[in-house]
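Notes to accompany the following structure.
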Amino acid sequence: LESELHREKHKRRYKNVLRSTAYTLVVVAALAVLAAVLWMPVLRIYGSSMTPTLSEGQIVVSVKGSHFEHGDVVGVYYGSKLLVKRCIATAGEWVDIDDDGNVYVNNQLLDEPYLVEKAFGECDLKLPYQVPENAIFVMGDHRSTSIDSRSKSVGSIDMEDVVGRIVLRIWPLKDIQLVH
């Protein structure tokens, strides 16, 4: 009788530990999903407009925020698509691009060490262009192929459509590093 009682206690204890572990895992998973959606969205890169900085298939983590610096890599919504581009200018700043692809913000040449080649690309804006209030001007790193704020169809990105600043590449594992 004593061994049967011991076995029943053990079985109850095992069920309680199992139930507690399952509840803990569900709560942790829910918190991780909530953090990923509200604070640190995880994005997958499609296309080649950000090469060599980011390549197709890579997975990155972004941090939500509303203050961006020149050169920050940002995720933005464009219609139903998610684009990853580089912040070139913020609200009120003037953007000009010469025929060689040199970018000027407020008449100052923008230092762009992340570019492999400069290109004027597809630009149908009237330059110089002033970024509207509550918006940012974005361009891809692969300027000859990138469709970005230089095109009237995309234009400046409203701050409501900015997902966040891309801070970390997490996939593939061999390429984990901060994104500059």
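The values are calculated or read from the model by the stated rules, or taken from the named source; none is laboratory data. Keep in mind the model is a prediction, meaning the values are calculated, not measured. With ideal geometry, Cβ positions are generated from the backbone for all residues, glycine too; neighbour counts draw on all protein chains shown. SASA here: full protein model, heavy atoms, side chains in, ligands and nucleic acids out. Shrake-Rupley method; radii C 1.70, N 1.55, O 1.52, S 1.80 Å.
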For segment 50-167, what does the relative contact order come out to in percent, with C-alpha contacts under 8 Å and a separation of six or more?
34 percent
Name the shape class, rounded, prolate or oblate, that the alpha-carbon gyration tensor gives for segment 31-137, where a ≥ b ≥ c are the square roots of its eigenvalues, rounded holds for a/c under 1.5, and otherwise prolate holds if a/b is larger than b/c and oblate otherwise.
prolate
Mind ranking 95-103, 49-57, 108-116 by how tightly packed they are, going by the mean number of other C-beta atoms within 10 angstrom, highest first?
49-57, 95-103, 108-116
Taking the Cβ-Cβ separation of residue 81 and residue 106 as r and a Förster radius of 22 Å, what is the calculated FRET efficiency to the nearest 0.05?
0.15
Charges at C-beta only: +1 for Lys and Arg, -1 for Asp and Glu. How large is the resulting dipole of segment 1-138 about its Cα centre, in Debye rounded to 20?
1720 debye
Report the calculated FRET efficiency for residue 118 and residue 170 (r = Cβ-Cβ distance, R0 = 30 Å), to the nearest 0.05.
0.55
Accessible area in the full protein assembly, largest first, 1.4 Å probe, for 20, 151
20, 151
Counting only C-alpha contacts under 8 Å and six or more residues apart, can you give the relative contact order of segment 83-141 as a whole percent?
51 percent
Which value, in Å² and to the nearest 10, is the accessible area of residue 180 when all protein chains are kept and the probe is 1.4 Å?
140 Å²
What is the Cα centroid distance between segment 91-126 and segment 10-83, reported in whole angstrom?
32 Å
Roll a 1.4 angstrom probe over the protein heavy atoms and tell me the percent of accessible area of segment 1-80 that is carbon or sulfur.
64 percent
Mean projected area (nm²) of the alpha-carbon convex hull when the chain is viewed from all directions
13.5 nm²
Quick one: which of 85/126; 64/85; 64/118; 81/152 span more than 25 angstrom between C-alpha atoms?
64/118
Would you mind computing, in nm to one decimal, how far apart the modelled labels at residue 48 and residue 17 are, each placed 7 Å from Cα along Cα→Cβ?
5.6 nm
Net charge of neighbours whose Cβ lies under 9 Å from the Cβ of residue 71, counting Lys and Arg as +1 and Asp and Glu as -1
-3
Can you work out the accessible area per residue across the chain, with the rest of the protein chains kept in place, probe 1.4 Å, in square angstrom?
62 Å²
